[in-house]
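Novice: Input: one structure, supplied below.
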Amino acid sequence: APETGSLVAMEALSSGTPVVALRSGALPEIVEHGVTGFIADSEDEIADFAKRTHEISSARCRQEAGRRFDAARMVEDYLKLYRRLT
């Protein structure tokens with residue numbers, strides 16, 4: 001089944017693991033192509049990108065995950081949204 005929420009991708013990045021995935025659901029918003037992994041448009045591209053994961057910094061993956069998916073930051077963003085809507 002397609003993973004529309006991309007929680008696995010966020011967890012992978014948090015552990016420093018680059019993500020290689022097909023363009024689907026929210027994955028293009030989670031994975032920064034060439035920075036935290038690769039977004040492919042075909043199975044052949046997945047195979048090619050999988051050979052290139054050594055180009056992606058594990059430290060950068062962890063850094064970006066912390067910056068973008070930190071629980072405190074996400075809570076604050078939701079609170080700002082709720083305040084704006086009320």
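Novice: Could we say that Ala50 is open to solvent by less than 50 Å² (accessible area, probe 1.4 Å) and either more than 25 Å from Asp70 (Cα to Cα) or of a type outside the set (Asp, Glu) (or both) here?
Specialist: On the way: open to solvent by less than 50 Å² (accessible area, probe 1.4 Å): no; either more than 25 Å from Asp70 (Cα to Cα) or of a type outside the set (Asp, Glu) (or both): yes.
Considered against the rule, which asks whether it is open to solvent by less than 50 Å² (accessible area, probe 1.4 Å) and either more than 25 Å from Asp70 (Cα to Cα) or of a type outside the set (Asp, Glu) (or both), Ala50 comes out as no.
Novice: Taking the range 16-38, which residues are open to solvent by 10 Å² or more (accessible area, probe 1.4 Å), aliphatic (A, V, I, L, M) and within 11 Å of the chain's Cα centre (by Cα)?
Specialist: Within the range 16-38, Val19, Val20, Ala21, Ala26, Leu27, Ile30, Val35 meet the criteria.
Novice: So, in the range 21-38, exactly how many residues are at pLDDT below 95 and part of a strand (DSSP E or B)?
Specialist: 2
Novice: Which members of the range 60-82 meet the condition of being touching a residue at least 40 places away in the same chain (Cβ under 8 Å) and open to solvent by less than 60 Å² (accessible area, probe 1.4 Å)?
Specialist: Within the range 60-82, Cys61, Glu64, Ala65, Gly66, Phe69 qualify.
Novice: Does at least one position in the range 40-54 carry a residue that is in contact with a Lys or Arg (Cβ under 8 Å, 6 or more places away or on another chain), without any contact (Cβ under 8 Å) to a residue 60 or more places away in the chain and closer than 20 Å to Leu7 by Cβ?
Specialist: Checking the range 40-54: at least one residue is in contact with a Lys or Arg (Cβ under 8 Å, 6 or more places away or on another chain), without any contact (Cβ under 8 Å) to a residue 60 or more places away in the chain and closer than 20 Å to Leu7 by Cβ.
Novice: Going by what's in this entry, would Ser42 be described as modelled with pLDDT under 90 and open to solvent by less than 50 Å² (accessible area, probe 1.4 Å)?
Specialist: no
Novice: Please list, ordered by residue number, the helices (runs of 4 or more DSSP H) wholly in the range 39-86 having 3 or more residues that are farther than 11 Å from Val20 by Cβ.
Specialist: Numbers: elements: 43-50, 58-69, 71-85.
Per the criteria, 58-69, 71-85.
The values are calculated or read from the model by the stated rules, or taken from the named source; none is laboratory data. Computed from a prediction, not measured in an experiment: that's the story for all the values here. Every residue, glycine as well, gets a Cβ built from its backbone with ideal geometry; the counts of neighbours run over all protein chains shown. Heads up: the accessible areas ignore ligands, DNA and RNA and are worked out on the full protein's heavy atoms, side chains in. Shrake-Rupley method; radii C 1.70, N 1.55, O 1.52, S 1.80 Å.
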